[in-house]
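Trainee: Let me begin by handing over the structure; questions about it come next.
The values are calculated or read from the model by the stated rules, or taken from the named source; none is laboratory data. It should be emphasised that the depicted structure is a prediction, and the values quoted were computed from it without experimental measurement. Quick reminder, even Gly has a Cβ in these numbers, built from the backbone with ideal geometry, and neighbours come from all protein chains shown. Calculation scope for accessible area: heavy atoms of the full protein, side chains included, ligands and nucleic acids excluded. Shrake-Rupley method; radii C 1.70, N 1.55, O 1.52, S 1.80 Å.
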Amino acid sequence: MQAKRYFYLIKVQYLGYRLHGWQKQPNVKTVEELITKTLRYVMPEQKFKILGTSRTDAMVSAQESAFELFLDYEPLTDLDEFLKEFNQNLPQDIRALAITEVDAKFNIIQHPKLKEYAYLFSFGEKNHPFCAPLMANFQFDLDIELMKKGAKLFEGRHQFRNYCVRVSENSTFEREIIKSELVENTEITANFFPEKSYIFHIHSAGFLRHQVRLMMGALLQLGRGELTLENLENSLKPGVEMQMDYIVPASGLLLNKIGLEDF
């Protein structure tokens with residue numbers, strides 16, 4: 001007799017600074033490994049597996065991410081109580097936000113979604129050390145106004161072959177960027193943050209490996225005078241070989257939101 005299966009969507013947030021990304025790997029702490037370990041503790045008799053919606057790199061944090069929980073045999077009887085117990089046993093740098101029961105038709109990988117990333121940074125004087133888990137710091141001058149113009153060039157449908165690393169040639173390099181803007185940071189604050197900091201916002205249905213960090217790196221080169229707006233515009237055209245190689249530190253990158261339709 002085939003076991004009955006139950007499906008749940010769980011939204012989570014985490015600080016990635018001490019973690020080696022989402023995906024389980026041998027001999028290092030990852031978000032998936034710590035979540036799996038906690039689930040085994042709170043549901044010792046259950047047979048289960050999980051599947052994440054987005055794989056973040058080492059040191060990247062998430063304001064909102066999600067995973068699907070598959071349970072065999074027994075459903076969760078009280079979702080609120082489960083969420084409470086789950087949070088009580090998760091490490092301090094991971095928090096479960098919500099749980100929703102879904103059906104077998106739901107597929108967390110293929111379900112339509114919009115990913116919102118943010119890159120938080122400052123420049124000039126070195127930051128307070130407490131900023132390190134969330135904010136990159138560049139100790140050189142930048143033309144922020146020029147960088148704002150450069151960020152807008154990414155909006156729309158473009159070729160991002162020059163903004164990715166270690167991908168298959170079968171990858172789809174044409175991507176549509178729904179929103180790309182660089183603004184002064186008023187969203188994420190702390191009393192030890194510098195007086196001024198900035199956020200690069202980037203929204204799309206999907207990203208290539210290291211794409212956002214390479215886009216941010218190109219904006220930094222623009223702000224330093226190493227690239228021009230024309231260079232940036234040309235780098236997005238089909239057939240132009242202009243591989244970007246400045247990958248900014250991962251600790252400034254934040255998966256701000258996973259917009260799953262209807263959830």
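Trainee: Among the candidates Val42, Val60, which residue alone is crowded, with 17+ Cβ neighbours inside 10 Å and either over 23 Å from Thr189 (Cα atoms) or within 21 Å of the chain's Cα centre (by Cα) (or both)? Quick ask: steps written out before the conclusion?
Mentor: Details: Val42 fails: crowded, with 17+ Cβ neighbours inside 10 Å.
The conditions single out Val60.
Trainee: Of the residues Lys11, Lys29, Lys84, Lys24, only one is among the basic types (Lys, Arg) and assigned to a strand (DSSP E or B); which?
Mentor: Lys11
Trainee: Assuming Phe48 fulfils every condition listed in (1) touching a helix residue (DSSP H, G or I) at 6+ places or on another chain (Cβ under 7 Å); (2) open to solvent by 40 Å² or more (accessible area, probe 1.4 Å); (3) under 25 Å from Leu134 (Cα atoms) apart from one, which condition is it?
Mentor: Failing condition for Phe48: (3).
Trainee: Which condition number in (1) among the acidic types (Asp, Glu); (2) over 30 Å from Val248 (Cβ atoms); (3) in contact (Cβ under 8 Å) with a residue 24 or more places away in the chain; (4) open to solvent by 30 Å² or more (accessible area, probe 1.4 Å) is the one that Asp72 fails?
Mentor: Tallying (1) among the acidic types (Asp, Glu); (2) over 30 Å from Val248 (Cβ atoms); (3) in contact (Cβ under 8 Å) with a residue 24 or more places away in the chain; (4) open to solvent by 30 Å² or more (accessible area, probe 1.4 Å), Asp72 fails exactly one: (4).
Trainee: Let me ask another. Given the conditions (1) over 18 Å from Met215 (Cα atoms); (2) buried (at least 18 other Cβ atoms within 10 Å of the Cβ); (3) modelled with pLDDT under 95, and given that Pro112 satisfies all but one, which numbered condition is not satisfied?
Mentor: Checking Pro112 against (1) over 18 Å from Met215 (Cα atoms); (2) buried (at least 18 other Cβ atoms within 10 Å of the Cβ); (3) modelled with pLDDT under 95, the one that fails is (2).
Trainee: Tell me which residues, restricted to segment 41-51, are outside any loop (DSSP other than H, G, I, E, B) and either more than 17 Å from Ile99 (Cα to Cα) or in contact with a Gly (Cβ under 8 Å, 6 or more places away or on another chain) (or both).
Mentor: In the first step, residues of segment 41-51 are kept if they are outside any loop (DSSP other than H, G, I, E, B); the result is 41-42, 47-51.
Result: Tyr41, Lys47.
Trainee: Six or more apart or on different chains, Cβ under 9 Å: which pairs go from a residue in segment 218-241 that's on the phi > 0 side of the Ramachandran plot to one that's acidic (Asp, Glu)? Could you list them?
Mentor: Gly225/Asp143
Trainee: Something else now. Please state which one of Leu134, Leu97 is at pLDDT 95 or above, in a loop (DSSP other than H, G, I, E, B), farther than 25 Å from Val240 by Cβ and of a type in the set (A, V, I, L, M). It would help to see each step written out before you state the result.
Mentor: Working: Leu97 fails: in a loop (DSSP other than H, G, I, E, B).
Answer to the check: Leu134.
Trainee: Here's a check for you: in segment 218-249, which residue that is crowded, with 19+ Cβ neighbours inside 10 Å and touching an Asp or Glu at 6+ places or on another chain (Cβ under 8 Å) is nearest to Asp143 (Cα to Cα)?
Mentor: Out of the qualifying residues, it is Gly223.
Trainee: Taking segment 193-219, which residues are of a type in the set (Ser, Thr, Tyr), within 14 Å of Leu120 (Cα to Cα) and in a strand (DSSP E or B)? Talk me through it step by step, then tell me what you get.
Mentor: If we filter segment 193-219 for residues that are of a type in the set (Ser, Thr, Tyr), which is where we start, we get 197-198, 204.
Filter once more, keeping what is within 14 Å of Leu120 (Cα to Cα): 197-198.
Tyr198, the sole residue that qualifies.
Trainee: Say whether the condition of being in contact (Cβ under 8 Å) with a residue 40 or more places away in the chain, of a type in the set (D, E, K, R), out of contact with any strand residue (DSSP E or B) (no Cβ under 9 Å at 6 or more places or on another chain) and under 20 Å from Asp245 (Cα atoms) is met by at least one residue in segment 168-177.
Mentor: no
Trainee: Suppose the filter is touching a helix residue (DSSP H, G or I) at 6+ places or on another chain (Cβ under 6 Å) and either without any contact (Cβ under 8 Å) to a residue 40 or more places away in the chain or not hydroxyl-bearing (Ser, Thr, Tyr) (or both); does Phe138 pass it?
Mentor: Details: touching a helix residue (DSSP H, G or I) at 6+ places or on another chain (Cβ under 6 Å): no; either without any contact (Cβ under 8 Å) to a residue 40 or more places away in the chain or not hydroxyl-bearing (Ser, Thr, Tyr) (or both): yes.
No, not satisfied.
Trainee: Which residues, counting only those in segment 143-192, are hydroxyl-bearing (Ser, Thr, Tyr) and in a strand (DSSP E or B)? Reasoning before the result, please.
Mentor: Here is the first cut: in segment 143-192, the residues hydroxyl-bearing (Ser, Thr, Tyr) are 163, 168, 171-172, 180, 186, 189.
Passing the criteria: only Ser180.
Trainee: Further, regarding this structure: Which of the numbered conditions does Val183 fail, given that it passes all the others? Conditions: (1) under 16 Å from the mean Cα position of the chain (by Cα); (2) over 17 Å from Asn127 (Cβ atoms).
Mentor: The one condition Val183 does not meet is (1).
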